[in-house]
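Q: First, the structure itself, so that you have it in front of you.
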Amino acid sequence: MATFVSFKTYLDTPFWREVNKRKLHEWKLDETPKPIFSQLSLCERNSDHCRLSLSHDSFKPSNGNPNEVSISGNLILYNTRESFKAAATTKSLEELMKTEATKIWDVITTKTWLQTPHLLSSFTIIAFADLKKFHYIYKTFIPSLKYPKNPEQEIPSLSTDESSLLTYYKRTLAPVFLFSKSSQEPLEIAHLESQVNPDDVLIVVADPSPNPSSAGRLVKNVVAAVAYLHSSWDHCNVISLRSSGSIEIKYSWPANADAVAQNVVPQCSGWEQHYSADLSKQFDPKIMMEEAVNLNLSLIKWRLNPDLKLERYSTLKVLILGAGTIGCNLARGIMAWGVRHISFVDNSFVSYSNPVRQSLSKFEDARKGRGKAETAVDALKEIFPSVQAFGYQLTVPMPGHTIDEKDEEQLEKDVRQLEDLIKNHDVVFLALDSREARWLPTVMASIHRKIAISVAIGFDTYVIIRHGIGLRKDSLSEDVNSEAVPYSQLSCYFCSDVTAPGNSTSDRTLDQQCTVSRSGLSMIASGFAVELLASILQHPDPLAAPASLDDNITLLGAVPHQIRGFLHRFQQIHPSVKRFEKCVACGDLIADRFQKNGWKFVRDVMNSPKHLEEVTGLDELQESVEAIDIDFDDDESVVSV
Amino acid sequence: MLSEQKFREELQKFVEQMSQNKWNWQLKENGKYARETHLETLSSGKIVSADIHILYNSTYQVPTLWFNFFENNGAPIPFEEVVRDILKIPESEESDSSLRQRISHYEHPILGVLYYNIHPCNTEKIMKELKTDSYLISWLSVYGQQLGLRLPDSLKVH
C-alpha cells in the first residue's frame, strides 16, 4: 500500500491578529471565502505531518522561495459560532469536500493542470473568531483524491541527481515538472501528455513531506492526474523533491481497473480535526496587561534569582490605613510587585491640596470632594483593571479623642470592622497622619500576628518601623543573645514612648496640624517601606525574619527593623530596637485588656489616654523616674546593626 | 556596529547563503528582516513551530534576534516551556548566565505581538572578539546557538 503523509495546519499568533484586524476593518460581516496562501517548507524534518503554515503574511501571495512550495486556499470565516457549527456538520463537511474535489477533478479532466500544476492542490479553512473573548475554532480541509484506488509504492534509490532538479526548481518554482531519462533534462510538465512509456520520465513534485519513506498528500493528486491522463499506464515514477533527502517512489495500480466514467468524481479525503485556541492572553487588553505584569516579574525572578517567591506577593492581602500621600505611594509600589489585593481605610476627603502630592487623586476628585479611600481604589483599578482594590470609609478610634455615649454604638461597629479588616489581611501598613490613629491598629496587628509596618514622615525626616510579630510573652524564650533581634522581639512605633498617645491635634494651630513635608519625602519613605516588605517576604520564614543588615538574610538582601532618614543631610540609619514590656500599644497587658473588654476598653482609652499608662504600669514608671536612676543599658535595649 | 544599509546587504547575502545550505531563511518586508520557521519537539513530545526573526536595532546598530514558539493552534507556549525546552536553562543555574540577563519579552516592532528578544547591549562587544567573514553568520553562531539553531557545517565559524 502506498502511504501519503497527511497535513497539519500550524498557525501562529500573528496570523490570528491579522484575522482580527481584517475581520473588524475589512471583511466585517462578509462571509465569502477569502484567498489565503501558505508556504510549505521543503526543509522540514522534525514532524509526522506535512506542515501547512500560516502567518500574518498569508493573506497575500508570496514571491516564491526555492526552499518552499506555495499553495493557495480559502479562509471562510463565519460570523457566529452557530453558522460555524452548521458548516462543520458531517453533511456540510461532505458537501464542501465534494465541491473542492470536483474542482480538482475538473483541473485533471480538462488537463488544465498540465499548464497550471498549482491547481492540483488547494486548501480550505472554515473558522469562527470570537473577537470579544478571543476564542477561535477552525478546521482545515486539503483535498486529496482517492484515485487510482489502492496504489502500491516501491522506493528505489534515486535514479538521478537531486541537485540538478533543485536548480531547476529554484529557477522555475514549478511545483510539478518532468525529468526526461533519455535527455537527462528537466522538462515542463506539459510534455507529459506526449509520453508513451511511463519509465521514460520521472515526475518531480515539490513535496513538504518530512518522512524519508513516504511522499506527502500533495503527491497523491499528481498521481491521480497522471493515471487519468494516461489511462493505459499502470505505474509512474515520482520524485518527491525536498531541499535535501529527496526520494524516488514508484507508484503502481491495477491497469484499467479504475476505468471511471469521466463524469464521476472520485472519492476524496482531507479534513483535519477541529482545533480551537484561546488567545485572550494575547489579545484581550486586560489580560494582556495582567500577563505583561506577571511576565515582567517572572523576568526579575529569572534574572535575579530563580528561587524568588513571587506568589508571596500575588497572594498577599494588604491593608493600607490612610489613603494619603504615603498610602497612595505604598499601593503603587506593592502593585508593581504583583500584589493584587489592596484595601484602603480612610475617613477623609480629597482636598485641593492633595492631588499634586498624592499619586492616586486628581483635580476632579477634589472638586467633587470624593472620599480618599474610594478615590484611591478607583485610580488603582484604572491603572490596573485586574487589581482587587477595596475602600473603607472608616474612622480609626483614637486615644484622647473623647467620645459621647450616643456614639458608642458606632464605636463598637468601627472597632469590630477594623479588627475584621486586620484579621482578613496579611499585612497592615500604618500610614495614618497622626500618631494616635496608629495606636489601635498596632494593638490589633500585634494580637493577630500580622506584619505591621508603620511609615511616618516629618518635614524632612522619615521613619519606617516594622512592628514585632505577635505578643511579646509568646516569644521571650527565643534566643536573645543573637546579634539579630528576632522579629517577635522588635519594638513597635510606640515602644520608645514613655507617655501614652493623646490628642495631638487638639491644641495645635492650623499650620501645625497640617502635615508639611518636602515633597519627595513621601515617595522615598513609601518606596523604602515597600521594599522592606518585599524583602521580608523573601525570607524563608517571613514571620520570623529577624532585624538584620546582613544582605544574605533574604533573597533580596537585608531586612532592617527601622529605617530612619534625614533628608537635610541625605542620611539614613537602621537601628534595631527591642520591644518595651510596658508599651502602651504592643505591650502584653494592653493586648490582654483589649481581648477581655474589646471596644469598651477602646472607649475608656479614647476618653482618657492616661488609662493606658495605668494598665501598663507606665504611670508608676513615670513616677519613679525622678527617684530612681534607671540604667538604660544601650547594649540591652538597643542593638545597633 | 553595522549601519542599517550594511545590515540589509548582509541580510540578503546571509539569506542566500543559508538557502543554498538548505536553510529556509527568507527576507521579509523588502529586506527589512529575515525569518526562519521550523518545527521543534518539546520534552513533552509536543511539536511546536519556531518562528525566528533577525531584525535591525537602530539604537545599538546591531542585529537582534526575535523569536517565539507556537502550538499548532496559534497560541504561544508558556514562558516556562521556552526556558526549559528551548533555551534549556536549568532552574538551578546561576543567575549571571548571560542569556538569563538579556532575554526580554516585547511587542514585536513589526508584528505587534509579544515576542522574545535577546537584548543587544552586549552584541557589539561579542562581535569585536569574533573574526568574521560574514557578520551575520558569526553573530548567529553566537546568538542562534542559544535557541538551538545550529548552523550548517559548511558555514561553521571557527
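Q: B:LEU130's amide H: which non-local residues (gap 5+, or another chain) put their own amide H closer than 5 Å, with H modeled 1.01 Å from N in plane and none for Pro or chain starts?
A: none
Q: If amide H atoms are built 1.01 Å from N in the plane of the peptide, which residues on other chains or at least 5 residues away come under 5 Å of the amide H of A:VAL5?
A: For A:VAL5, the qualifying residues are A:ALA215, A:GLY216, A:ARG217.
Q: How far apart, in nm, are the 7 Å Cα→Cβ label points at B:LYS13 and B:THR132?
A: 1.0
Q: Say a site is exposed when it is one of the chymotrypsin sites (Phe, Trp or Tyr not before Pro), sits in a DSSP loop, and has at most 14 other Cβ atoms within 10 Å; what is then the longest site-free stretch of chain A?
A: Formally, the longest exposed-site-free interval is A:1-351.
Q: Non-local amide H neighbours of A:GLY400 (under 5 Å, H modeled in plane, Pro and chain starts lacking H): which ones?
A: A:MET606, A:ASN607, A:SER608
Q: How far, in degrees from 0 to 90, does helix B:4-20 lean away from the longest principal axis of the Cα atoms of chain B, to the nearest 10?
A: 70
Q: Now for a separate question. If you average the alpha carbon positions of segment A:340-382 and of segment A:586-624, how far apart do those two centres end up, in angstrom?
A: 34
Q: Take peptide B:26-33, look around each residue's Cβ out to 10 angstrom, count Cβ atoms belonging to other protein chains, and average those counts.
A: The per-residue average across the peptide is 2.
Q: What ³J(HN,Hα) values, in whole Hz, does the Karplus curve 6.51 cos²θ - 1.76 cosθ + 1.60 give for segment A:315-323 when θ = phi - 60°, with x put for Gly and Pro?
A: Per-residue couplings from phi come out as 9, 7, 10, 10, 10, 10, 8, x, 9 Hz.
Q: To continue, here is another question. Grab the other residues whose beta carbon is less than 14 angstrom from that of A:LEU11, score K and R as +1, D and E as -1, and report the net.
A: -3
Q: Go through segment A:192-205 residue by residue and turn each phi into a ³J(HN,Hα) via Karplus (6.51, -1.76, 1.60, θ = phi - 60°); whole Hz please, and just put x for glycine and proline.
A: 5, 4, 8, 6, 10, 9, x, 8, 7, 10, 10, 9, 9, 10
Q: Compute the acute angle (0 to 90°) between the alpha-carbon long axis of helix A:618-627 and the principal axis of greatest extent of the alpha-carbon atoms of chain A; round to the nearest 10°.
A: Tilt relative to chain A: about 50 degrees.
Q: Then there's this: Return an integer: the convex hull volume of the alpha-carbon atoms of segment A:4-145, in Å³ per residue.
A: Convex hull of Cα atoms, per residue: 131 Å³.
Q: Which FRET efficiency, nearest 0.05, do B:SER3 and A:ILE383 yield, Cβ-Cβ r, R0 35 Å?
A: 0.30
Q: I'd like the Karplus ³J(HN,Hα) series for segment A:33-43: coefficients 6.51, -1.76, 1.60, θ = phi - 60°, whole numbers in Hz, and an x wherever there's a Gly or Pro.
A: x, 10, x, 9, 9, 10, 9, 8, 6, 8, 9
Q: Okay, moving on. Relative to the longest principal Cα axis of chain A, at what angle does helix A:90-109 sit, 0 to 90 degrees, rounded to 10?
A: Approximately 40 degrees, to the nearest 10.
Q: To continue, here is another question. With the alpha-carbon atoms as the only input, what is the per residue convex hull volume for chain A in Å³?
A: Per-residue hull volume (Cα only) is 234 Å³.
Q: Here's a follow-up. What does the helix-only formula give at 222 nm for chain A: each DSSP H stretch with n ≥ 4 adding -39500 (n - 2.57), the total divided by the residues, and the result rounded to the nearest 500 deg cm²/dmol?
A: Calculated at 222 nm, the ellipticity per residue is -9500 deg cm²/dmol.
Q: In Å and on Cα atoms, what radius of gyration and Dmax does segment A:126-273 show?
A: Using the Cα atoms of segment A:126-273, the pair Rg, Dmax is 17.6, 62 Å.
Q: Find which of A:ILE422, A:PRO186, B:GLN26 sits farthest along the positive direction of the dipole of the protein assembly as shown, computed with +1 on the beta-carbon of Lys and Arg, -1 on that of Asp and Glu, about the Cα centre.
A: With unit charges placed on the Cβ atoms, the residue in question is A:PRO186.
Q: Positive end of the charge dipole of the protein assembly as shown (Lys, Arg +1 and Asp, Glu -1 on Cβ, about the Cα centre): tell me which of A:LEU173, A:LEU612, A:THR112 has its Cα farthest that way.
A: A:THR112
Q: Counting other beta carbons within 10 Å of each Cβ, put A:SER491, A:SER548, A:SER231 in order, fewest first.
A: Going from least to most buried by this count: A:SER231, A:SER548, A:SER491.
Q: Continuing with the same structure: Calculate the length of the line joining the C-alpha centroid of segment A:513-583 to that of segment A:424-461, in whole Å.
A: 13
Q: Could you work out how much longer the chain between A:LYS309 and A:LYS91 gets when fully extended? Use 0.36 nm per residue separation minus the Cα distance between them, nm to one decimal.
A: Full extension of this stretch gives 73.1 nm more.
Q: Where a Cα-Cα gap under 26 Å defines reach, which lysines qualify for A:LYS406, not counting those fewer than 8 residues away within the same chain?
A: A:LYS596, A:LYS600, A:LYS610
Q: Got a sec? How would A:GLU248, A:GLU44 order by Cβ neighbour count within 10 Å, fewest to most?
A: Neighbour counts put them in this order, fewest first: A:GLU248, A:GLU44.
Q: Taking other Cβ within 10 Å of each residue's Cβ, how do B:LYS131, A:LYS146, A:LYS372 sort, fewest first?
A: Listing B:LYS131, A:LYS146, A:LYS372 from fewest to most nearby Cβ atoms yields B:LYS131, A:LYS146, A:LYS372.
Q: Whole Å is fine, so just give me how far the alpha carbon centre of segment A:107-182 lies from that of segment B:60-84.
A: Rounded to whole Å, the Cα centres lie 30 Å apart.
Q: Another question, then. How high is the FRET efficiency between A:THR3 and A:ARG449 when r is their beta carbon distance and R₀ equals 60 Å, given to the nearest 0.05?
A: Efficiency computed from Cβ-Cβ geometry: 0.30.
The numbers here are math on the coordinates, done by the rules we state, and not lab data. Since we're looking at a predicted model, the values are computed, not measured. Please note: Cβ atoms are built from the backbone with ideal geometry, for glycine as well, and neighbour counts cover all protein chains shown.
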